[in-house]
Amino acid sequence: MAKLFSLAALALLLVLADAETYRKTVTVTEINDDMGVSEECQGQVSMQKMSHCEMYLKMQMQSPYGGGRMVLLPSEQEHKQECCKQMSQMDEKCRCDAVNMVVDQMMRRRMMSEEVQKMMEMARKLPGMCMLKPETCQVGRLWF
């Protein structure tokens, strides 16, 4: 009877240890996710490829007119054109991942709440500004 109990206890320990190992593996996979970029888009999306979009958003946010002006400064126009070019070279399904990566990078700089709302609204509309699909993205999924 004691041997049976010992075998049952050993089997239970092995099952629990195996379950704990599986749980840790899943956790590591979640943590290593590249800023919310889906695996199929990781080759197309990088901060280097989205640098003009980030610069365009920064310049729009720093504008005394609050962004969204009809007439852009030459440097703003250049960043906007390059941003659109960068996004047009991506698959449609990867564009929102790219926009969210830019938002994530900018959020790490600890902006004030009104700046965050302004930046997120502009970022949400980036693809549409470039006449690309989808016209809008859900942004801030990593922060809210």
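Rule-based calculations on the coordinates, nothing more; no lab input. In this text the structure is predicted, and so the values were computed from the model without any measurement. Methodologically, a virtual Cβ is constructed for each residue, glycine included, from the backbone with ideal geometry; neighbour enumeration extends over all protein chains shown.
How large is the convex hull of the Cα atoms of segment 46-129 per residue, expressed in Å³ as a whole number? Provide the component values of the computation, followed by the final result.
Numbers: hull volume 7.2 nm³, N = 84.
Taking the convex hull of the Cα positions in segment 46-129, it is 86 Å³ per residue.
Given the peptides 88-97, 128-137, arrange them by the average over their residues of other C-beta atoms within 10 Å, most packed first.
88-97, 128-137
From the phi angles alone, apply the Karplus equation (6.51, -1.76, 1.60; θ = phi - 60°) to segment 53-62 and give each ³J(HN,Hα) in whole Hz, x where the residue is Gly or Pro.
Along segment 53-62, the couplings run 5, 5, 5, 4, 4, 4, 5, 5, 5, 7 Hz.
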